[in-house]
Structures are given as structure tokens and as C-alpha cells.
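Chemist: Can you read through this structure? Questions will come right after.
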Amino acid sequence: MSYERPILISLLFLVAGCLVQHQLAIPFSNLVPVMFLTACCVSLLLKKQILFVSMLALFWMAWGMAALAPRLDQNISKTGIARFDGKEIGIEGVVKNRPMFLPEGQRFELQVEHIIADEKALPVAGVVLITIASGQGTWLTGDRIRCVTKIRVPRLLGLPGEFDYPRYLALRGVNATAFIKDADSVVLMRGTAIPSLQRIPDQMALSSQQFIRQSLSNPGQRSVVLALATGSQQEISPDLATAYSRAGVSHILSVSGFHVGVVTIVWVFLLRWLMLRWEWLALRFDVRRIALISALPVMVLYLLFTGGAPATARSVLMLSAVVLAIWSERETDALDSLLAAAFLLLLFNPANLFDLSFQLSFFALWGLLVLTPLLAAPFERLIKQSWQRALLLFCSASLAATLATMIPVLASFHQASFTGIAANLVVVPLLGYGATVLATAAVPLIFLLPGLAGLLLQLAGWLVQFSNVFVIWIARMPVLHSFSIGSADILATVILLALISFVCSTRIKMLVSSVVLIGLTIVHFWPDLPDNRNLRMAFLSVGQGDSTLIRFPDGRTMLVDGGGYLKDNGKDFGERYLVPALHSLKVKRIDLMVLTHPHPDHLGGLPAVAEEFEVKEFWQGSEAGQGTEYQRLFRSLKRQQTSIRVLKQGDQPLRAQNLVITVMSPPDKSDPKTGENDKSLVLHLNYGNFSTLMMGDAGFVVEEELLKQGIGKTTVLKVGHHGSKSASGELFLDRIKPEIAVFSAGYNNGFGLPAAVTVDKIRQRGIGFFRTDQQGSILIESDGTVFSAALLPRDSRLVTFARRFVLTGTHLLR
């Protein structure tokens, strides 16, 4: 196999090195690959083939680890940006790449050169991802700009199953983020500060995008045409993007191999047709070969014009290899071209391996190459006419791409659709062979014949409109949901595709496939070990909000509040954070859901949870919400016929063996002047000798009422109002004498919570405390007599153990 596909071993171990480094994020020296390269040269001189292949494999693995290590270095203090975290400062730098246009704003990466603070310009190196909420500037790659903004160093909340956004940015080379309200506050210092080959394509793309916006007034048509013609998907509305994803045809919106192939074929045939019309030229030159070789610069220009995405680059490399092979009249293997393109892209930038567009395009094309013949073979005997053969190949290819990408799609989006097989029959002709060709042909005409370009764009817009209507209709079909798909399933997909692609022995294929499938079955369907009979409380780190997951000794679950964003930003906190966290904690259903009060930082994540999980019973206080999210929550609860209870002071809604939950506040008839925070549902949980008081956002007023009620000692205090100075009074703390206090707050939040005075009161009394803003999610477990408190880990036990093992070995070697 190594002789037939010599690049396979190098690619395999390069990928292995990247994956190991991505999982473990350990310090790695650049000298290690040099050592293995030296060993390769020695083994070559000694003519030791096995030694040479072994050292070559280790060299590429070490190369992958060494190349990725700097990107994953979480110590960004070297850039100088970290010390300005959370501060409003002036920054000056050079636009690193093409700005992305959002529906109402803009986003781009800035290579920072200076930070202006205290009227001084300090030299600083680093990359900041800037988002502009309103307005769009005219700056391009290489322009120097200056603006005033607040720097944010990305951090994880600390939730299980949380998407690692800091690592995602680190792989792109981004050190911090910044937000600007208006583009008018950005000053263009001077154009072309740094010469860039990307600048001219950027200018063309910017002009083309402006022309397309002026030519198409319908937002749905305009956004899709922009994606097909210029590679910019940022203006596609979330609803339309979701519809294309649910329909299984979102691939058509990103510029990939299909688009590059269509553009290349149209160019080659058009140029060949034009050259054949010139008799003198046709008689003296090989028109076919000239048209073929001319496709190379066209593909490179198309790559630069559409933004140079990894999927597009992979396609250009593959098609370039095919074009050169046909031009030189040599045979080419499509799978070898795919492997070579992937190897070159990873060699240039190992972070491409973790780019979703690269992964999906690689899996899709791999599936097309190896699965399409297998799926079509059983039906070939039934085919009698050419149109039937074309339809069979089209359906087989669609199913092959769907099967090959299903696992990565489920792992990333937690849903996949088989409707793409039918949807492709409609969408691909409309958008792929229709709108893409028309929109791409219109781009050069924008600068030559704008009237004709406008006409072509209108035609493309009509095709897009038909496609959008069809996609929205078919997206209503049921989709496959799963939150249990992970890296093991992706590895299994790779193994199965590799067996089909590279192994000839049927016996080996059957044996390995059986082992893989049995292993996956055990992983996914092996029953969970029975939980011990302990009470478990997970105080989830949900930023500037509150959410607590409780698992009772009898296995039932209770979710108190759901976190959320303080302001409406168009994102669903529950879908992005809380639902994945609950799935990671192996929650099957919510037996009791509690809303202490309907503020967005307590309510925000609950609607998505109610839509995803079965909720048996819902508790709330007398304070009802009025907003759209509150109504959305109740629609979901009513749809599944959840029992809804309004609780008041003195109620004991849960009494079980050795376990009691008592409502401490609010009273049945509270003072109308009482603030919303002090109307929070305050719960006291008692399990044997262990107890927890959850204060919600209640403050001094409620604490005084609890003192009058004669509240006694408690084991754990969920500190009221995120540690505000208006809560946790001294008399109250002296009465309840908690052993542990838990603060739920967002890192470096604008309210300054928890307040220093409140933290000092806790510390002075010798009370141990945890802070979700600094430590992440907290797990407290009790058997009713004693209790333990620890941090809730994000990573799996295997990854945590491996990282500790390797780091220990690294320190020993030092």
C-alpha cells in the first residue's frame, strides 16, 4: 500500500500528530522533527527500509505536533494583549484578511501594531478579531486603521460539552476579540500599509458585492447569490441557513469542489469553442491543450476572489493535478489527488485539519470517490438508457456524500438529514448548474458590460428564489438528532472509508468492519453504570447568570434556572451552551424544572431545554414573565403537557425519603413595592445532615424575612444575586454558618460581581467558597452525612489522564 500510494503514510502520521497535539496541548520542541529527519537520512544511507519508513512516519507526526503547538499555546501574555483584557483602549494595526460583511455590520482580523493607552502608543504584537455592529467600512487587506474598543481575551465558561471557542480562535491565530458599535468610529490611517496579493481580488470582490446588492432587492435572493458568486455567506439569514442545513443541501452555499469544477468546465469549453471559431489558430495549435492549461490561472484567481477557504483551496489543488495530468496525457487517480491536496494544505497550515469546511469537503469527496460505485453497482443491470444511468449516478453520488459526511455533521450540528438525496435533484440543477454559472459569469461583466451583468444576476436571483421556496418546504421534514456522536465515531468513519479505499482483502475488510461496528455499539448502547445513592449538585458556569443541575439519590433530575444572555443578541444560550452541557452530563429528561424569576440571565436557556428534553414538572414563583422567551418556554411546556406549579412560602413541593425541599420565599402576598429580584423563588434543600440554600437573586429584604422565620445552619449557600453587595448580610451569614458558598457570575462582568465586600465577608468567616467566573462549574456531592466539593471537568477522563501522563513525562525529560 505504501508503494502504490506513497503519500498516504506521510498524510496519516501528519494528521495523527495534529490530533495528538490538539487533544493534549503539550509543550513540544521544534528539535524533535529535526531529530527524526536526521534518523531518516541515516536509515536511507544504511538502506534499512523498515527503519526509514518508521522514522519517516515519526518525522511527520512530530512535524504536525511541532507546527500546531504554537497555535495552541494558551499563554498569550507574549503578545502583550492579555494585560489590556476588559479595558477600553485605542488600537492601531493592519487589516489581516478580507473583511466579512454581516447583515448590518462587518467582521475582520486586525494585526495589531500599537495600543494607545494613557496617551502613549505601546508596540504590541497580536491578532484581534473585530466585530462592527453597524455600518461597513471600505478598508481592505493591508490597510492600516485605528479605533477605540474594549479588548476581550476569549475564555471558556467552564461547561461540560462546551464548544472550545478560544481554541477555535487560537487555531486561526487570533489572540483576542473586540466589539465596535459603529463603523464611523474606525479611522482609515492610509491605504496599502502592507503590500498584499489578496488586495486586488478583495477590491474586485467588494465592487462585485456592492453591484449584486444594488441589482437584487430581495434579501433571500441577494444573500444566496453573494455566496455563490463571491463566497460570502455572512448575509444569509439564520432561518434560511438553517433551512438549507435541514434540507441537507447547505454544501451548495459554500464554494467548494463542485463550484470550482463547474467554473473550470464552463471556462474550458467556452474558450475552446471560441478558439475553434478562429481557423488560423485552430490549424496551428492544439486548442484543447491550450484551453486546459489556461484553466490553472483561472482557478487560482477564482480561489483568491472567493476568499481562499480551505475547501476551495483543496478543490483547486485537486483539479489542478487533474488538469495537468490530462494536459500531459498521463493517467491520474482521483483518490491520490485528494490525498495530495489534503497533505499540501495541512503542510501549509496544520490548523486546516480542524476547519469544518475542510473536514466536510474532504469527507464528501472521499465518499463520492469510493462509495458512489458501490451504491450504483447493484442497479447497473437494470439500466437500459443513458438518462437512467445519469439519474442513478446522481442519486448514488448524493447518497454517498450524505453517508460520508453524516457523522461529522452530527458531531458538529447534532442533526443530519436524508432529505438531501431528494433535495439535490432540485437544488443542484437550480443553483449549481444554473445560478452559480450565471452569477459567476456576471462578475467579470460587472466591469465590462454592467447592463448585461445585471440581467444575468436577475436570472440567477429567480433561480435562487425557486430554490429557497423548495428548500424551506422540504426542510420541514423530520431530521435525525443526536448529541452522542463524538470523535470515536469520526475515527470509525475514517477507518471504514479507508478499508473500502485501500484494502483489497475481503476477509480483512469484514473482520475490521465487524470490530469497529461492535465497538461503536458497545460505546453507544452499553447501559450506564447505576449511580450511587448520593445527592449531586452541579452549579453550572453559565456566565453572568444562574443554573444548577441536581441529581437526586433516586435518579431524578432537577434544573434550577437556565442562565442566558443579559441582552438580546439574536443567539440562543440554551441551544449553544446549556443543552450540550446537559447531554454531556448524560441527562435523559428533566423531572423538575425551576424558574426562580423571569430575568433573562435565569430564563434564557430554559426554552431550548424544554424543546429538547421531556419536562415532567415545572415550578415558578408568583412573578410571571411577559417576554417572548417566557412565552416560548410555556408553549413547549404545554405541548408536552408538563405539570405547572406556582409555589409560595411554606410549600414543600418535594418530600421523599430523607429528602425535603422547602420554599422559603416569596410569601403568598408580597409587598407590591418589592423588587423583582426579591420576588425570587428561594429554595431550601435538606438531605439528611446536608442542606443547601439557593437564594436566586434575593437580597437583604428576603434575608431579614428568613431570619424572622428562624432559619438555621446550612451546609452550602448558593449566594444571592451573584454576590452583589446588596445580598449576604453579616447577620444572615452568622446565622446560617455555611461551610461552602458558591458564587455564580461571569468573568470580568460589567457589574463587578461578585462584589469585593461580599467576598470579604465570606472569607473573614472562614467559609470556603467557589466562583464559577474563575473556576468553572462546581460539583458538590453528599450521601446525607458528609459531602465533597470539586470542579466539574470539561474533558473526558481519558483525555485528562493522557494529558497528565504526557506532561509528567515531559517534565521528567527536562
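Chemist: Please give the number of the condition F108 fails out of (1) more than 30 Å from P450 (Cβ to Cβ); (2) within 19 Å of the chain's Cα centre (by Cα).
Modeler: It fails just one condition, (1).
Chemist: Checking the structure you have, find out if any residue of segment 160-168 is modelled with pLDDT under 90, hydroxyl-bearing (S, T, Y) and part of a loop (DSSP other than H, G, I, E, B).
Modeler: From segment 160-168, those modelled with pLDDT under 90 are 160-168; that's our starting set.
Retained after the next criterion (residues that are hydroxyl-bearing (S, T, Y)): 165, 168.
Subsequent filtering for residues that are part of a loop (DSSP other than H, G, I, E, B) retains none.
No: zero hits.
Chemist: Between L717, L633, which is closer than 28 Å to N569 by Cβ and not in a loop (DSSP other than H, G, I, E, B)? Spell out how you get there, then give the answer.
Modeler: On the way: L717 fails: closer than 28 Å to N569 by Cβ.
Going through L717, L633 in turn, the sole match is L633.
Chemist: In this structure, is D668 part of a loop (DSSP other than H, G, I, E, B) and not small (G, A, S)?
Modeler: Working: part of a loop (DSSP other than H, G, I, E, B): yes; not small (G, A, S): yes.
Yes.
Chemist: Does Q626 meet the test of being within 24 Å of L693 (Cβ to Cβ), open to solvent by 10 Å² or more (accessible area, probe 1.4 Å) and assigned to a loop (DSSP other than H, G, I, E, B)?
Modeler: no
Chemist: Can I ask one more? Among (1) small (G, A, S); (2) without any contact (Cβ under 8 Å) to a residue 40 or more places away in the chain; (3) open to solvent by 30 Å² or more (accessible area, probe 1.4 Å); (4) out of contact with any strand residue (DSSP E or B) (no Cβ under 6 Å at 6 or more places or on another chain), there is one condition S43 misses while meeting the rest; what is its number?
Modeler: (3)
Residues are listed down the side, and each one gets a yes or a no for (1) without any contact (Cβ under 8 Å) to a residue 40 or more places away in the chain; (2) open to solvent by less than 50 Å² (accessible area, probe 1.4 Å):
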{"position": "L281", "(1), (2)": "yes, yes"}
{"position": "L301", "(1), (2)": "no, no"}
{"position": "L345", "(1), (2)": "yes, yes"}
{"position": "S357", "(1), (2)": "no, yes"}
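Chemist: Then there is this: Could you say whether any residue in segment 70-90 is in a strand (DSSP E or B), touching a residue at least 12 places away in the same chain (Cβ under 8 Å), under 28 Å from the mean Cα position of the chain (by Cα) and farther than 26 Å from N748 by Cα? Even if it seems obvious, please write down each step before you answer.
Modeler: So the first thing to find is which residues in segment 70-90 are in a strand (DSSP E or B), and the list is 88-90.
Keeping just the survivors that are touching a residue at least 12 places away in the same chain (Cβ under 8 Å) gives 88-90.
This time we only want the ones that are under 28 Å from the mean Cα position of the chain (by Cα), so: 88.
Now narrow it down to the ones that are farther than 26 Å from N748 by Cα: none.
No, that holds for no residue.
Chemist: Then there's this: Among all residue pairs at least 6 apart or on different chains, which show Cβ distances below 9 Å where the first residue, located in segment 120-131, is surrounded by fewer than 21 Cβ atoms within 10 Å (Cβ to Cβ) and the second is modelled with pLDDT of 85 or more and aromatic (F, W, Y)?
Modeler: What qualifies is L129/F108; T131/F108; T131/F179.
Chemist: Taking the conditions exactly as written (modelled with pLDDT of 85 or more and surrounded by fewer than 19 Cβ atoms within 10 Å (Cβ to Cβ)), does M65 satisfy them or not? Step through it out loud before you land on a result.
Modeler: Numbers: modelled with pLDDT of 85 or more: yes; surrounded by fewer than 19 Cβ atoms within 10 Å (Cβ to Cβ): no.
No.
Chemist: Take residues that are of a type in the set (G, A, S) and closer than 28 Å to L578 by Cα and tell me which of the helices (runs of 4 or more DSSP H) falling wholly in segment 417-525 contain 2 or more.
Modeler: In segment 417-525, the matching helices (runs of 4 or more DSSP H) lie at 487-502.
Chemist: Still on this model: Considering every residue within segment 561-575, establish whether at least one is in a helix (DSSP H, G or I) and farther than 30 Å from L654 by Cβ.
Modeler: At the first step, the residues of segment 561-575 found to be in a helix (DSSP H, G or I) are 573-575.
Add one more test, that the residue is farther than 30 Å from L654 by Cβ, and what stays is none.
Within segment 561-575, none of the residues are in a helix (DSSP H, G or I) and farther than 30 Å from L654 by Cβ.
Chemist: Report, by residue number, each residue of segment 418-443 that is among the small types (G, A, S) and surrounded by fewer than 23 Cβ atoms within 10 Å (Cβ to Cβ). Even if it seems obvious, please write down each step before you answer.
Modeler: In the first step, residues of segment 418-443 are kept if they are among the small types (G, A, S); the result is 420, 422-423, 432, 434-435, 439, 441-442.
Passing the criteria: A422, G432, G434, A441.
Chemist: Out of curiosity, is F59 closer than 24 Å to N352 by Cα, in a strand (DSSP E or B) and of a type in the set (F, W, Y)?
Modeler: On the way: closer than 24 Å to N352 by Cα: yes; in a strand (DSSP E or B): no; of a type in the set (F, W, Y): yes.
No, not satisfied.
The values are calculated or read from the model by the stated rules, or taken from the named source; none is laboratory data. Everything numeric in this text was worked out from a predicted model, so none of it was measured. Please note: Cβ atoms are built from the backbone with ideal geometry, for glycine as well, and neighbour counts cover all protein chains shown. We work out accessible area using only protein heavy atoms, side chains counted, and drop any ligands, DNA or RNA first. Shrake-Rupley method; radii C 1.70, N 1.55, O 1.52, S 1.80 Å.
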